[in-house]
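Everything on this sheet refers to the single structure shown next.
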Amino acid sequence: WGVPRLTDKQRRLGVRVNPKRVRRLCREGKLLLTRRRGRKRAAVVRAPRVVPTGPNQRWSMDFVHDRLADGRPFRVLTVLDEGTRKSPAHVVGRSLTGQHVVAALEQLAQTRGLPRTISVDNGAEFTSRALDVWAEQRGVHLDFIRPGKPNDNAFIESFNSRLRDECLNEHYFTSLVDAQVKIERFRLDYLTEHSHSSLGGLTPAEYAARFTPSAPAELTRLSA
């Protein structure tokens, strides 16, 4: 965690602390890690992207891969509401197909409704006939990113990076059930403890609580 997030965490716990003091303590304890940045490359100008600011306008989905302690691989289907940064569900399994994706979305439809659009990459699970038929029946638009351009799905990529750094890289998973428990624990912690500057310093759960069915969210334009 960086200094701003550590400071925010302490203040949420009721500790009065100055960011400068947090930075000094982190330096003395050698707790600050430098994140390696990719090389900057020239890019063509892209049109401004409509960024949702409320629930169920656009979701993102992706897969994350890891291994159990005995070397067996497993996958995690991550789902993110881009407007509130809430992750409504994770699905952990050895083999996840298009049917598993549909089953997960159907379960979410019963508990919190469905978005207008879901942003996905061009993986076989997302281009499957099962998901295509489901989206057509449910009236959900599947927005496929450009092949080889994961930055087009920046919200879920950022979330997956947090999942990797703060959960997958920090734990050994003795079994699939163990992985499900620990990853679900991370998801709930992310909802209630991870504040976002883009949400005015609120956590996803706090920001989502501001919305009611009678108060539809607006869309704002943000340059990509």
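The values are calculated or read from the model by the stated rules, or taken from the named source; none is laboratory data. Because the structure is predicted, anything quoted here is derived from the model rather than measured. Note that we place each Cβ from the backbone using ideal geometry, even for glycine, and neighbour counts take in every protein chain shown. The protein model used for the area step is the full one, side chains on, heavy atoms only, and it has no ligands, DNA or RNA in it. Shrake-Rupley method; radii C 1.70, N 1.55, O 1.52, S 1.80 Å.
Just a few scattered comments:
- Single residue of segment 74-109 satisfying the filter (among the hydroxyl-bearing types (Ser, Thr, Tyr) and open to solvent by less than 10 Å² (accessible area, probe 1.4 Å)) that is farthest from LEU163 (Cα to Cα): THR84
- Restricting PHE173, PHE211 to residues that are over 24 Å from GLY113 (Cβ atoms), part of a loop (DSSP other than H, G, I, E, B) and aromatic (Phe, Trp, Tyr) narrows the list to PHE173.
- Filter pass, GLY139 being open to solvent by 50 Å² or more (accessible area, probe 1.4 Å) and modelled with pLDDT of 90 or more: yes
- Residue identified as at pLDDT 90 or above and under 17 Å from the mean Cα position of the chain (by Cα) among LEU176, LEU191: LEU191
- Single residue of segment 148-166 satisfying the filter (in contact with a strand residue (DSSP E or B) (Cβ under 6 Å, 6 or more places away or on another chain) and not aliphatic (A, V, I, L, M)) that is most open to solvent (accessible area, probe 1.4 Å): PHE155
- Residue under evaluation ILE183, criteria (1) outside any helix (DSSP H, G or I); (2) in contact with a strand residue (DSSP E or B) (Cβ under 9 Å, 6 or more places away or on another chain); (3) of a type in the set (Val, Ile, Thr), criterion not met: (1)
- Selection within segment 149-166 - touching a residue at least 40 places away in the same chain (Cβ under 8 Å), of a type outside the set (S, T, N, Q) and in contact with an Asp or Glu (Cβ under 9 Å, 6 or more places away or on another chain): PHE155, ILE156, GLU157, PHE159, ARG164
- Qualifying residue in segment 112-131 (condition: touching a helix residue (DSSP H, G or I) at 6+ places or on another chain (Cβ under 7 Å) and under 25 Å from VAL3 (Cβ atoms)): no
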